[in-house]
Amino acid sequence: MPRPLPQPIRGPVRCSRAARLRCPRMSSRAARAARGMSALALGLLLVLAAAVRAEERSVALAVAEHGFTPPEIEAAAGERLRLEVTNQTAVAIEFESFELNRERVVPPGRTVAVYVSGLSPGRYEFFDDFHQERRGALVVK
Amino acid sequence: MIETLLIMWRESLEAALIVGILLTYLARSGERAGMRYVWAGALGAVVAAVAMGVASNGAAARLGPDAQEVLQAGVLLLAVGVLSWMVVWMHRNARQIGGDLRRRADRALATGRLVGLAAIAFAAVFREGVEAVLFLWGVVVQRADASAPALLAAGAAGAALAAATAWLFFRGFAFLNLQTFFRVTGILLLLVAAGLLTAGVNKLIGLGYLSPIEPQVWNTAWLLRDDSVLGALLGALIGYRSRPSLLEVLAFSTYLPAMGWALHRADVAARSASERGPARSAA
């Protein structure tokens, strides 16, 4: 009794490493693998970064027509701060600081929490990007 | 007046530059039909930004500031994914610049890949669009007198100036031959993607979800200030910041080699495919 002939392969063919030369879709597989790996690496990094946390201290910072209240905040080096920026004006403001590397829009009447942490001693200026005459500073000692 | 113009110039610059890259790329690859997708994405983002401005501002605010910031970070990270995929695709195209480019672009259109272009344009415009809407809204509310129209005109002029800046920037690419052009725009887009990723990470740090690990790795403000014209241009395009945190530097510098590897693999695959199939090179 003759053995049955091998059936022709139907449907999508999986691309093995050995079959690369016959396999035109390898490039997108490689790209997918690379994306997967970089996503995984980044994910690990982010989990690691999220784990490194310290106690936080809240500091209220109000923005009125005349500027920031208080105009200067003091903090200890390395402290984790939660800046509670309240917009007391009638229009949106943007809390911004090149020194702190932060930028947040605050709608009128709202409070937004901006986190900063691990700062070394120094003077870190901030301003309202939409009304640049309003300025203040965080002094870290 | 000048301040309004400058703020709107800065807020619109990033969107103009990224939309500019996409349009320039499509124009030079002869794929003018794809431009519709880019414009659709950009216009959709303007509508979404206005809607978000209305939802988060004024008496009937329905969206908390944190939810808005998280949404923006999400749009940024999503755009990085789409952009990465686009760059790999563009790179494969650039290897086959020839008579069959138009056909390949048609094929891309057929597979719906140009939707990716719309997504990038959307993210780029949406990101700064919300801020621009809230800022202009403030201008109108604050000056409910005769000077409001003049200030709005200054804002519009700022946005137009940003478009002109982007146009001039990409005019500079016109002298490149096609092969070089696609290589340069490919590298530029990678840097744009790394910048968007860094911006998304920066938002998550500011929200307190991530630790910066080290808040300031270096300070290059003596070399290039964030608020200088070149600093703003580089900030808009590749996310330049004079004082980045360690986590942002890591995100930027992990992304680039990962993409470099993906592009290298795409190269290897394309080479073996063209060795294998003489039919393709003859087409």
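The values are calculated or read from the model by the stated rules, or taken from the named source; none is laboratory data. Just so we're clear, the structure is a prediction, and the values are computed from it rather than from any experiment. With ideal geometry, Cβ positions are generated from the backbone for all residues, glycine too; neighbour counts draw on all protein chains shown. We work out accessible area using only protein heavy atoms, side chains counted, and drop any ligands, DNA or RNA first. Shrake-Rupley method; radii C 1.70, N 1.55, O 1.52, S 1.80 Å.
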>> Residue by residue through B:216-228, how many Cβ atoms from other chains fall within 10 Å of the Cβ on average?
In response: 2
> On average, how much accessible surface per residue is there in the range B:130-283, in Å², for a 1.4 Å probe, leaving out ligands, DNA and RNA?
Replying inline: 45
> Which whole number in µm²/s is D for the range B:14-61 by Stokes-Einstein, with the Kirkwood Rh taken over Cα pairs at 20 °C and 1.002 mPa s?
Replying inline: 176
>> Do any residues of the range A:52-83 show a loss of at least 40 square angstrom of accessible area between the isolated chain and the full protein assembly, using a 1.4 Å probe, and if so which?
In response: A:R53
> Just the C-alpha atoms of the range B:123-184: what Rg/Rh do they give, with Rh taken as the Kirkwood radius?
Replying inline: 1.22
> Which value, in square angstrom to the nearest 100, describes the accessible area buried between chains B and A on both sides, using a 1.4 angstrom probe?
Replying inline: 4400
> Check A:V106: other-chain or 5+ apart residues with amide H under 5 Å from its amide H, H built from backbone geometry?
Replying inline: A:I93, A:E94, A:F95
> What relative contact order, as a whole-number percentage, does the range A:72-128 give when Cα pairs under 8 Å and 6 or more residues apart are counted?
Replying inline: 43
> Please state the relative contact order of the range B:127-283 as a whole percent: Cα pairs under 8 Å, 6+ residues apart?
Replying inline: 20
>> Counting only other chains, and only Cβ atoms inside 10 Å, what mean value do you get across the residues of B:193-199?
In response: 0
>> Give me the inter-chain shielding for A:110-121: mean count of other chain Cβ atoms within 10 Å, whole number please.
In response: 5
> For A:A90 and A:A41, FRET efficiency with R0 = 30 Å and r from the beta-carbon atoms, rounded to 0.05?
Replying inline: 0.05
